[in-house]
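One structure below.
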Amino acid sequence: MLHSNLTINKEGHLMIAGVDSVELAQKYGTPLYILDEDRIRANARTYLTAMRTYFGEGSRPLYASKALSFRGIYRIAAEEGMCVDIVSSGELYTALSAGFPAKDMFFHGNNKTDSDIRYAIDSGIGFFIVDNAEELEAIDAYASERGMVQNILLRVTPGIDPHTFAAVNTGKVDCQFGISIETGQAREFVGKILKKKHVSLRGFHCHIGSQIFDQVPFCDAADIMIRFIAEMKQQYKLVTEILNLGGGFGVRYVESDPQIDIAENIRLVASHIDARCAESGVRHPTILMEPGRSIVADAGVTLYGVGSVKTIEGYRSYVSIDGGMSDNPRYALYKSPYTVMLANRAHEKADFLCTIAGRCCESGALIQENVTLPRPKRGDILAVLVTGAYNYSMASNYNRICRPPIVMISHGEDRLVVRRETFEDLTACDL
Ligand code: LLP
């Protein structure tokens with residue numbers, strides 16, 4: 001199977017982390033998100049161990065919680081010793097309410113509002129990752145009002161195109177995030193920061209994109225960043241303590257995606273950075289990374305009930321399920337590839353070519369096209385694999401559909417960690 005936590009039992013049922021998916025669908029209903037907690041922890045430990053070993057003791061992953069945010073995930077991040085990357089007051093609130101320490105949070109985003117800034121500073125946020133001049137002023141002003149000095153990193157754009165999907169490619173000069181090195185604006189901006197009394201510039205951040213399968217784009221980004229760090233040392237005598245290289249490695253959604261060794265890639269990036277720092281005479285900074293997808297994606301499976309099978313002669317067959325773009329908008333948005341299967345008939349021959357359609361009212365509301373399954377029928381359970389990242393976190397109530405619950409499996413035991421939304425939830429804000 002695609003990942004080692006997925007197997008098929010002798011009745012032909014998909015097993016997730018050793019638990020029968022068909023029994024989970026019966027117990028909790030569909031649609032249903034399932035998460036393998038042991039896999040999440042193992043993924044976290046891969047980054048933690050490799051980063052400490054190869055980058056040095058202080059190096060840690062920040063879990064990019066935009067990939068999947070609910071209280072339980074922040075508890076796991078804290079238990080595993082990860083910091084977290086948050087991008088909104090909502091993520092901040094969720095993390096705080098789970099007991100996650102504010103000092104281990106990094107606040108990202110290209111438009112932090114005054115109220116975000118106040119809330120985060122009042123909560124004792126560890127770092128802001130500063131994106132623009134306006135927010136620098138606002139952070140400095142509020143820190144001054146509070147009589148304190150706020151730690152920050154500056155987000156710069158290294159001007160790199162890692163050739164992933166355009167919508168998740170954020171390190172180019174022409175993008176709304178960060179300040180460009182290439183245009184000289186980042187250099188100038190550092191001078192401005194250093195004049196502020198209530199912020200302390202501890203280092204730099206860059207993020208080149210998502211779904212990157214090898215070390216090369218990270219090494220390219222590190223080259224540019226270390227050159228920039230050397231320039232800042234020369235121009236301002238600035239000692240850069242932290243270099244944050246942004247999001248994590250890619251994830252295998254389909255058989256044709258590569259299987260990668262994250263620890264080995266980190267080792268290669270680390271030896272590249274060691275060499276560059278030595279060459280350019282800069283002190284080796286503490287290296288941070290912000291994996292989201294590769295911490296949670298392969299821990300997730302979504303289960304749906306099949307409703308109808310419609311064959312349009314001369315065209316194609318549509319299999320409609322009881323969820324859709326409201327719980328997974330990624331195919332509608334990015335044509336993201338997924339592996340799908342019938343969870344209750346996984347040992348049967350898959351020879352029925354079809355398109356999986358969700359239940360939202362638009363023709364683009366598909367989950368996947370051109371897949372082969374055993375000919376499905378109403379009541380079958382359809383599984384979409386590798387849905388742990390950017391599914392629940394991007395879900396909506398489009399068509400007033402309730403978001404599914406999340407069931408977590410740990411050591412072979414299942415438990416509800418996010419309950420199913422109710423009609424009362426849907427109308428809770430309506431006056
Ligand atoms: N750090 C920053 C600043 C980011 O912008 C992102 C992702 C990450 C870290 C985490 O990257 P990861 O390790 O997950 O690749 N909704 C899209 C993905 C958007 C990613 C945006 N930024 C999707 O469903 O594929």
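The values are calculated or read from the model by the stated rules, or taken from the named source; none is laboratory data. Only a predicted model underlies this, so the values are computations on that prediction, with no experimental measurement involved. Cβ coordinates were reconstructed from backbone atoms using ideal geometry, including for glycine residues, and neighbour counts include every protein chain displayed. What goes into the accessible areas is simple: the full protein's heavy atoms, side chains included, and nothing from ligands, DNA or RNA. Shrake-Rupley method; radii C 1.70, N 1.55, O 1.52, S 1.80 Å.
Here are a few things to note about the model shown:
- Think of the chain as having a plus end and a minus end, set by charges on the Cβ of Lys, Arg, Asp and Glu; of Ile117, Phe70, Phe423, Ile117 sits farthest toward the positive end of this dipole.
- Nearest-ten-degree value, helix 37-55 long axis tilted from longest Cα axis of the chain: 30 degrees
- Under a model in which nothing but the beta-carbon of Lys, Arg (+1) and Asp, Glu (-1) is charged, segment 311-370 shows a dipole of about 120 debye around its Cα centre.
- Dipole size of the chain about its Cα centre, with +1 on Lys/Arg Cβ and -1 on Asp/Glu Cβ: approximately 200 debye, rounded to the nearest 20.
- Cα-based values for segment 108-291, radius of gyration first and Dmax second, are 16.8, 55 Å.
- For segment 346-351, Karplus couplings with θ = phi - 60° (6.51, -1.76, 1.60), whole Hz, Gly/Pro x: 5, 8, 7, 5, 9, 10
- Placing unit charges on each Cβ (+1 for Lys and Arg, -1 for Asp and Glu) gives segment 220-375 a dipole about its Cα centre, and among Gly246, Tyr315, Asn265 the Cα reaching farthest toward its positive end belongs to Tyr315.
- Of the chymotrypsin sites (Phe, Trp or Tyr not before Pro) found in segment 304-393, the ones in coil according to DSSP and having at most 10 other Cβ atoms within 10 Å of their Cβ are Tyr315.
- Selected from Ala343, Ala141, Ala25 as most flexible by GNM, with the chain as the system and alpha-carbon contacts under 10 Å: Ala141
- Total lysine pairs whose alpha carbons fall under 23 Å of each other in segment 1-157 (8 or more apart, or interchain): 4
- Database remark: amide H of Ile8 closer than 5 angstrom to the amide H of Met15 (H placed geometrically; neighbours at sequence offset of 5 or more, or on other chains; Pro and chain starts carry no H).
- Overall form of segment 337-431 per C-alpha gyration tensor (a/c, 1.5; a/b vs b/c): oblate
- Percent antiparallel among DSSP beta bridges (both partners in the chain, rounded to 5): 45 percent
- Accessible surface of the chain, 1.4 Å probe: 49 percent of it comes from carbon and sulfur atoms.
- Annotation for Cys402 and Cys175: the two label points, set 7 Å from Cα along the Cα-Cβ direction, are 3.8 nm apart.
- Surface accessible to a 1.4 Å probe, per residue, for the residues of segment 108-291, Å²: 43 Å²
- 10 Å Cβ shell holding at most 13 others, DSSP loop, trypsin sites (Lys or Arg not before Pro): longest site-free stretch of the chain: 11-194
- On Cα atoms only, tilt of 185-194 relative to the major axis of the chain in degrees: 60 degrees
- For the chain, with +1 on Lys and Arg beta carbons and -1 on Asp and Glu, the positive-most of Leu32, Val386, Ala278 along the dipole: Ala278
- A simple rule links phi to the HN-Hα coupling: the Karplus curve 6.51 cos²θ - 1.76 cosθ + 1.60 with θ = phi - 60°, which for segment 256-270 gives 6, 6, x, 9, 10, 9, 4, 4, 5, 4, 5, 4, 5, 4, 5 Hz, with x for Gly and Pro.
- Within segment 108-291, percent of DSSP bridges classed antiparallel, to nearest 5: 0 percent
- Taken over segment 1-153, the percentage of Cα pairs per 5 Å bin, counting from 0 up to the bin with the maximum distance, is 2, 8, 16, 15, 15, 13, 11, 7, 6, 3, 3, 1, 0, 0.
- Rel. contact order, % - alpha carbon contacts under 8 angstrom, at least six apart, the chain: 20 percent
- Surrounding net charge for Tyr63, when Lys and Arg each add one and Asp and Glu each subtract one, Cβ distance under 9 Å: -3
- Within-13-Å neighbourhood charge of Val269 [Cβ basis; K, R +1; D, E -1]: -4
- Scalar couplings 3J(HN,Hα) for segment 25-35, obtained by applying the Karplus form with A = 6.51, B = -1.76, C = 1.60 to θ = phi - 60°, are 4, 5, 6, 10, x, 10, x, 8, 8, 10, 10 Hz; x denotes Gly and Pro.
- Helix 216-236 and the long axis of the chain differ in direction by around 20°, with both axes built from C-alpha atoms.
- Spin-label model distance (nm) - Ser410 vs Lys233, 7 Å beyond Cα toward Cβ: 4.4 nm
- Amide H contacts under 5 Å for Ala389: Ala297, restricted to partners 5 or more places along the chain or on a different chain, H placed in the peptide plane at 1.01 Å from N.
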